[in-house]
Amino acid sequence: MVERLDGIQEVRGFEPRLVHFRTCFTLAGYVAGEGYFTVSTSATRLHLSGEPLKKFVFGIHVRAEDRPLLEEIRSILGFGSITHVPPREEHWAPSVTLTIKSFHAHRTATIPFFDRFLLACKKREQYETWKRALSAYELTHNVRWGRGRSICRVSGCEKIVRGRGLCRSHYYRATGY
């Protein structure tokens, strides 16, 4: 026998890599049932263009008993934060949420993982729409992940940005504080 369903290691021909792939497909299937890909818009923070900033979020929200599974997903992806959510109603159970929000995390972990392991399903369609929106946002809003610190948008100024695309001295001149 070359392989057994439970993946016991003493079976001849066992390769840990295959179990890892199986684990990844299993976790991607779990995400297909419990995960979400969404875009949130900030009501208070604006981009330099005057539009509200957008945050691209991958998350999973489950009962607190499933926290070990979220920790496994976080360890495979290498990114994310897990937060405890108290019950909103007296008869509800506590829950936990894994969220990943950074462009860097999405480009280095979330997108490669789901491109490879998320099977064709409704969640795959939701993911593909989300990924296209993220790519379009990066192109139109000059997202700088992986390109180092931003420099002041005033021509000739090479200082690091404080806010609104301006260094500390230009920011003070523009805002008064």
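Taken together, the values in this text are just the output of simple stated rules run on the coordinates, not laboratory data. In this text the structure is predicted, and so the values were computed from the model without any measurement. Every residue, glycine as well, gets a Cβ built from its backbone with ideal geometry; the counts of neighbours run over all protein chains shown.
Laid out as a table, the results:
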item	result
Fraction of alpha-carbon pairs over 17 Å apart in segment 16-142 - percent	61
Amide proton proximity set for residue 85, modelled H, under 5 Å, gap of 5+	95, 96, 97
Local net charge near residue 76, Cβ-Cβ under 13 Å (Lys/Arg +1, Asp/Glu -1)	+1
Rounded Å value of the spacing that divides the Cα centres of segment 35-84 and segment 111-131	16
Loop sites in segment 78-111: chymotrypsin sites (Phe, Trp or Tyr not before Pro), DSSP, at most 15 other Cβ within 10 Å	92
Residues 89, 71 arranged by fewest to most Cβ contacts within 10 Å	89, 71
Reachable lysines, given that their alpha-carbon falls under 20 Å from the alpha-carbon of residue 54 and they are not under 8 places away in the same chain	101, 131
Counted charge near residue 52, where neighbours are those whose Cβ lies closer than 15 Å (Asp, Glu -1; Lys, Arg +1)	+3
